Amino acid sequence: MPDDASTLLSEIRLHGAVPRHVAIIMDGNGRWAAARMLPRPIGHRNGMKSVREVVEAAIEAGVEVLSLYAFSQENWQRPAPEVSALMSLLEEYIAREAAELERQGVQVRFLGDLSRLAPAAMQAVNSVTAKTAHCSRLRLNLFVSYGSRAELLDAIRSIAEDAASGTLVPDAVTEATVSNRLLTAGCPDPDLLIRTSGERRISNFLLWQIAYTEIYISPVLWPDFDRRELYAAIRDYQQRDRRYGRVTA
C-alpha cells in the first residue's frame, strides 16, 4: 500500500466507485492521551484536528456524505468534568471551523437528542446549521447525544401511533417507511463504516442504516487518523466485491 496520501488519492481517482457515504466511529482519544500521560480532554482536543483532516480529505476524494459519531447517549454517563470538556470542545469546534466549513461548501447537520445540550452548545449548533444550510459540496452529519436503538424506538413509536390512528395501514409499512422516520432520512445509507483504534464494535451506531455497509477497522487512534488513513480505507473499499447477499452466476 503506498504511504503517500497524494499517491493514494490518485489511485482512488483511477479505480472507480468512491463511497457516496462514509461513516466513522471516532475512537481512541482517551488512549491517545493516556499513552502520553495526559488528561483525557487533551486527547479529545487533539481529535478535533483529525475532524478537519477527514472533512478536507472526503471533499478531495469525492465523498458526498460524511457521518462522524462524536458523542453517544451513553457518553452522558462519563464523569461530569469530561462531559463538560466535550461540550466546550463542541462549541469551540463550531466557533473555529464554521466559516471554513461554509467556504468549502460543507453543509453541517447535527443528529441526536439535542434537547440534552446546554443552551450555549445548542445556540452554536443552530448557528452553524443555518450558516451552512445552502452548501452542497459535502454533507457533514455530526452525531451528538445519539443512540441507534433510541432512534429506532422513536421511529417504531411514530409508525405505531399512525397505525393506531388509522392513518397508516400496517401492511403498507415497508423498509422505506422506517428509513424515512430515522434521523438520516434523505441520506443514502453508508457505503463504508470506519472504526478507529482497532476496536471491533458497532457501539449502537446506525444499526438500521449499515445493514449492507462495508466495515473497515483501522488500528490508528483517532487523534492520529489523517487523510492518508482515510484514503487507505477508501482504497480498501474499492477493492471489495459488494454483492448484497447475491452471487454472480
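Couple of notes before you dig in:
- Qualifying residues in segment 25-53 (those that are among the hydrophobic types (A, V, I, L, M, F, W, C) and touching a strand residue (DSSP E or B) at 6+ places or on another chain (Cβ under 7 Å)) - the one surrounded by the most Cβ atoms within 10 Å (Cβ to Cβ): I25
- Under the condition of being among the charged types (D, E, K, R) and free of Cβ contacts under 8 Å to residues at least 24 places away in the same chain, the residues counted in segment 168-188 number 2.
- Residue match in segment 64-84 (condition: part of a loop (DSSP other than H, G, I, E, B) and either among the β-branched types (V, I, T) or within 16 Å of the chain's Cα centre (by Cα) (or both)): yes
- Sub-6 Å Cβ pairs linking a first residue in segment 53-65 that is at pLDDT 95 or above to a second residue that is assigned to a loop (DSSP other than H, G, I, E, B), at least 6 apart or interchain, are E53/D226; A61/V18; G62/V18; E64/R20; V65/C187, ordered by first then second residue.
- The set of residues from segment 215-244 being among the basic types (K, R) and at pLDDT 95 or above comprises R227, R228, R235.
- Within segment 99-138, being crowded, with 19+ Cβ neighbours inside 10 Å and outside any strand (DSSP E or B) holds for L101, G112, L117, A121, A124, V125, V128, T132.
- Meets criteria (in contact with a Phe, Trp or Tyr (Cβ under 8 Å, 6 or more places away or on another chain) and either touching a residue at least 40 places away in the same chain (Cβ under 8 Å) or buried (at least 16 other Cβ atoms within 10 Å of the Cβ) (or both)) for Q73: yes
The values are calculated or read from the model by the stated rules, or taken from the named source; none is laboratory data. Not measured: the values here are computed from a predicted model. Virtual Cβ from ideal backbone geometry, glycine too; neighbours counted across all protein chains shown.
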